[in-house]
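Colleague: Got a structure for you, written out below as C-alpha cells; questions coming shortly.
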Amino acid sequence: MKHIFKITLLIMVFIVPFNNAYCCPKIVVMNIAKIFNAIPQKEKIAKKLEQELHADFLVIEKMKKSFLSKIKKLKNKKLSKKAKEEIQKEIIYEKKILLQKIEYFTQKNNQRQEQARNKILFFISKLINIIAEKGHYNLVLDVSTIAYIKNVKDITNDVIDLAIQQDNILFI
C-alpha cells in the first residue's frame with residue numbers, strides 16, 4: 001500500500017505539472033451579446049425571416065381590416081335587426097378565425113426566431129473556436145459570467161472581424 005501511495009505521489013509531482021492543461025494557461029474573455037448584435041449575418045437572417053413571414057402577416061392584416069369594417073358597419077343605425085344579427089354572427093366567426101391565425105403566426109414566428117438565434121450562436125461558437133485555436137487559448141469566458149478579472153485579453157473584436165470576413169456565409 002505504501003508503494004502505491006509513493007508511486008501516485010511521484011506521478012503527481014513529476015507528470016502533472018508538465019501537462020499542457022496545467023502549464024501556462026491562456027485565458028481570454030469575449031462579449032457574446034456584443035458579438036451577436038454586431039455580426040452581419042444576423043441582419044441577413046432577420047431579413048430572410050421577415051420575408052418568410054410577410055405573407056402570413058399580410059393575411060392577418062387583411063382579416064383584421066375586414067373584421068374592423070364589419071364592427072363599424074354594425075354601428076350603423078339604419079340596419080335592420082336581422083342584418084345586425086347576421087353581422088354579429090360574422091364578427092364572432094371572423095374573430096375566432098383571426099385569433100387562431102394570430103396565435104399560429106406568433107408560434108411560428110417565435111419558433112423561427114429561436115431557430116435563427118440558435119444558428120447564429122452556433123456560428124459564433126465556431127468563430128470563437130477558430131480564434132481560440134489560432135491564439136492557443138486554453139479558456140474563453142463570456143464577460144457576463146465574470147464578476148472581476150484583471151489584465152486579460154478581450155477577443156470580442158477579433159470574433160466580429162472574423163464574422164465580417166465570412167460575411168458571405170449564410171447558414172439558415
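Colleague: Quick one: length gained pulling residue 71 to residue 97 fully straight, 0.36 nm per residue minus the C-alpha distance?
Modeller: My answer for the length gained is 7.8 nm.
Colleague: Under the classification rounded if a/c is under 1.5, otherwise prolate if a/b is larger than b/c and oblate if not, where does segment 25-97 fall, given a ≥ b ≥ c as square roots of the Cα gyration tensor eigenvalues?
Modeller: Judged from the Cα gyration tensor, segment 25-97 comes out prolate (a/c at least 1.5, a/b above b/c).
Colleague: From the backbone phi of segment 58-71, what are the Karplus-calculated ³J(HN,Hα) couplings (6.51 cos²θ - 1.76 cosθ + 1.60, θ = phi - 60°) in whole Hz, Gly and Pro given as x?
Modeller: Calculated HN-Hα couplings, in order: 5, 4, 5, 4, 5, 5, 5, 4, 4, 4, 5, 5, 5, 5 Hz.
Colleague: Compute the length gained on full extension between residue 53 and residue 144: take 0.36 nm times their separation in residues and subtract their Cα-Cα distance, giving the result in nm to one decimal.
Modeller: Difference between extended and current length: 29.5 nm.
Colleague: Can you list the HN-Hα couplings for segment 83-96, worked out from phi with the Karplus curve (6.51, -1.76, 1.60; θ = phi - 60°), rounded to whole Hz and with x for Gly and Pro?
Modeller: 5, 5, 4, 5, 5, 4, 5, 4, 5, 4, 5, 5, 4, 4
Colleague: Distance check, please: which entries in 64/119; 126/150; 70/95 exceed 22 angstrom between their Cα atoms?
Modeller: Beyond 22 Å between Cα atoms: 64/119; 126/150.
Colleague: Ranked highest first by average number of other Cβ atoms within 10 Å, how do 155-161, 66-72 line up?
Modeller: 155-161, 66-72
Colleague: Using +1 on the beta carbon of Lys and Arg, -1 on that of Asp and Glu, and nothing else charged, what's the dipole of segment 25-165 about the Cα centre, debye to 20?
Modeller: Dipole about the Cα centre, nearest 20: 1360 debye.
Colleague: In terms of modelled amide H atoms, which long-range or inter-chain residues lie less than 5 Å from the amide H of residue 154?
Modeller: Hits under the 5 Å cutoff: 29.
Here, each number is a calculation from the coordinates, and none is a lab measurement. Given the structure is predicted, the values throughout are model-derived calculations rather than measurements. No Cβ is skipped: glycine too gets one built from the backbone with ideal geometry, and neighbour counts run over all protein chains shown.
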